[in-house]
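The values are calculated or read from the model by the stated rules, or taken from the named source; none is laboratory data. If you're wondering where the values come from, they're calculated on a predicted model, not measured in any experiment. Backbone-built Cβ (ideal geometry, glycine too); neighbour counts: all protein chains shown.
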Amino acid sequence: MVVARRAAAPPDLAHRSAPSQAAVEALPGGRRATRTAASPIGASSRAAAARATSAPPTLSPFPLTGTALAAAEPPRFRAAVAPLRRRVDAAPAALPTVDAVVRAERPEEPLHCLRPAALAAAARAFVAAFPGDTLYAVKCNPEPRVLRALWAGGVRQFDCASPAEVAVVRHLFGEAAGIRYMHPVKTRAAIREAYASHGVRVFAFDSADELAKLVAETGGDALGLVVRLAVKGGGSYDLSGKFGARPADAVELLRAARPHARTLGVSFHVGSQCLDPAAYAAAVALAGEVIRAAGVPVEVLDVGGGFPASYPDIVPPALEHFMTVIGEAHRGLEIPGLALWAEPGRALVAGGASVVVQVALRRDGALFINDGVYGALSDAGAPGFRFPCRLIPGDGREVDARTGGFELFGPTCDSADRMKGPFVLPACVREGDWLEIGQLGAYGAALRTAFNGFDRARLVDVCDDPMLATPGYPPN
Ligand SMILES: Cc1ncc(COP(=O)(O)O)c(C=O)c1O
């Protein structure tokens, strides 16, 4: 999912000067967060601390500033890049539309437009359709407002893959959240922190060495232990190239783990954006063979993520179709007491966010915009994803029907900051116009970097539907 080159964040700067999200939300008098409020570049840590001291108890995963806060608000988290700043004058009952926000604010930085109702609706649809536990894959979009919207939609379990993700979920939802640490390779420190500080009891692994680490660091008693199995993928992104035990090894791992497990399971990931429900059936069948060969009781079959979302020219099979195939394959195993889990990411959140960018320059069919592959548009770079795109004219002019295919260039100096698309837009697009780029809730904001200093962005909640509907997921 991650592009080849990702700039490391300047952690000191980010840590020192970015106020907490709650602090930004809590600016007195409904004042809007200003350009200097939260960026690590040029922000005043003293001003940020002053604002933060008037904030209510925060649920933020973002770094706090100021010594008073440091004492008051453990644990502390470090954002990789400047956190997305909130509109603080908009906590209304009725959310605005994207067009209304753009008209009113004329944003000169990328504007992330979150659709809480759509996020909750997608979660509700998946939770209702899946015949087991739905674990949201936090890596896909760890933004607290996204997590809260999914919670509102009925998600209570979370697939976490780092101590920071675990901490965010615990911080937001307390003990009510079920946290399962599904990354098959963890540092000892990460295992200790998840187990001892956050009460995590369920861990994935795909090797005997990792199992030994889990046992050593936790005492190895009454754990949930899930063997990640490598499967032949059906997704646009293969996720078995790096992780997953071969079937014969998975058999041995199940036997070795059984004495330490209250709950023993097998998981797989068919690859992200999987358009072929049959890939799940094949993987379920393989997992069944492994479970039978192990000859020990196994309580969980985790079918992972991979559930697709719509993109231009890609309309996936409906959610119900995936569920029917998975349900039949599961029943076909005839293994009594085998519960199902799933770890959806993309399908729950892709439609739930768009980003409004501004055109800085047009050169024939190339548009230079203020966000790119080092920002929220990573998947539009080397992976070549196309996203739905629409024009919001900068001067309110009438736009005629003629369209063209455009290539986009991001703001950094790297030639790799290029998104071939083509992105279909009115032929008259020009400097100063805005583009709303949709379906960016998944692996969009989550992959932002601070490369070249282009890390400013803001976040607003809007009432719009997703820019593309995904079959089986109602818009809101
Ligand atoms: C272990 C695991 N589970 C779930 C997911 C979510 O996958 P998707 O977004 O394709 O649903 C991922 C994505 O990388 C993953 O690595």
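Listed values, structure above:
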item: Residues of the stretch 366-406 that turn out to be surrounded by fewer than 22 Cβ atoms within 10 Å (Cβ to Cβ) and of a type in the set (A, V, I, L, M), as a count; result: 6
item: Residue in the stretch 420-428 that is within 24 Å of residue 101 (Cβ to Cβ) and charged (D, E, K, R) present; result: no
item: Looking only at the stretch 246-275, and only at residues there that are out of contact with any Leu (no Cβ under 6 Å at 6 or more places or on another chain) and within 16 Å of the ligand (Cβ to nearest atom), the one that is nearest to residue 214 (Cα to Cα); result: 265
item: Criterion: more than 30 Å from residue 149 (Cβ to Cβ), modelled with pLDDT of 95 or more and not in a loop (DSSP other than H, G, I, E, B) - qualifying residue of 210, 193; result: 210
item: Out of 397, 362, sole residue that is of a type outside the set (A, V, I, L, M) and part of a strand (DSSP E or B); result: 362
item: Residue that is surrounded by the fewest Cβ atoms within 10 Å (Cβ to Cβ), among those in the stretch 444-474 that are among the charged types (D, E, K, R) and over 18 Å from the mean Cα position of the chain (by Cα); result: 465
item: Subset of the stretch 127-164 (residues that are more than 12 Å from the chain's Cα centre (by Cα), within 15 Å of the ligand (Cβ to nearest atom) and among the aliphatic types (A, V, I, L, M)); result: 127, 129, 135, 155
item: Boolean, residue 317 is surrounded by fewer than 22 Cβ atoms within 10 Å (Cβ to Cβ), of a type outside the set (Val, Ile, Thr), touching a residue at least 60 places away in the same chain (Cβ under 8 Å) and in contact with a helix residue (DSSP H, G or I) (Cβ under 8 Å, 6 or more places away or on another chain); result: yes
item: Residues of the stretch 365-380 that turn out to be assigned to a strand (DSSP E or B) and of a type outside the set (A, V, I, L, M), as a count; result: 1
item: Residues within the stretch 188-223 that are more than 16 Å from the ligand (Cβ to nearest atom), of a type in the set (Gly, Ala, Ser) and crowded, with 16+ Cβ neighbours inside 10 Å, tallied; result: 1
item: Among (1) surrounded by 24 or more Cβ atoms within 10 Å (Cβ to Cβ); (2) within 30 Å of residue 313 (Cα to Cα) - the single one residue 233 does not satisfy; result: (1)
item: Options 185, 155, 168; residue that is assigned to a loop (DSSP other than H, G, I, E, B) and crowded, with 20+ Cβ neighbours inside 10 Å; result: 155
item: Residues that are modelled with pLDDT of 95 or more, over 27 Å from residue 140 (Cβ atoms) and part of a loop (DSSP other than H, G, I, E, B), drawn from the stretch 400-442; result: 402, 413, 415, 427, 428, 429, 430, 431, 432, 433
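Here's the yes/no breakdown for (1) out of contact with any Lys or Arg (no Cβ under 9 Å at 6 or more places or on another chain); (2) away from the ligand (no atom under 16 Å from the Cβ); (3) over 30 Å from residue 471 (Cβ atoms):
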| residue | (1), (2), (3) |
| --- | --- |
| 285 | yes, yes, no |
| 322 | yes, no, no |
| 340 | yes, no, no |
| 344 | yes, no, no |
| 352 | no, no, no |
| 355 | yes, yes, no |
| 359 | no, yes, yes |
| 365 | yes, yes, yes |
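Residue-wise test of (1) out of contact with any Lys or Arg (no Cβ under 6 Å at 6 or more places or on another chain); (2) among the basic types (Lys, Arg); (3) closer than 18 Å to residue 256 by Cβ.
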| site | (1), (2), (3) |
| --- | --- |
| 192 | yes, yes, no |
| 197 | yes, no, no |
| 206 | no, no, yes |
| 211 | yes, no, yes |
| 224 | no, no, yes |
| 229 | yes, no, yes |
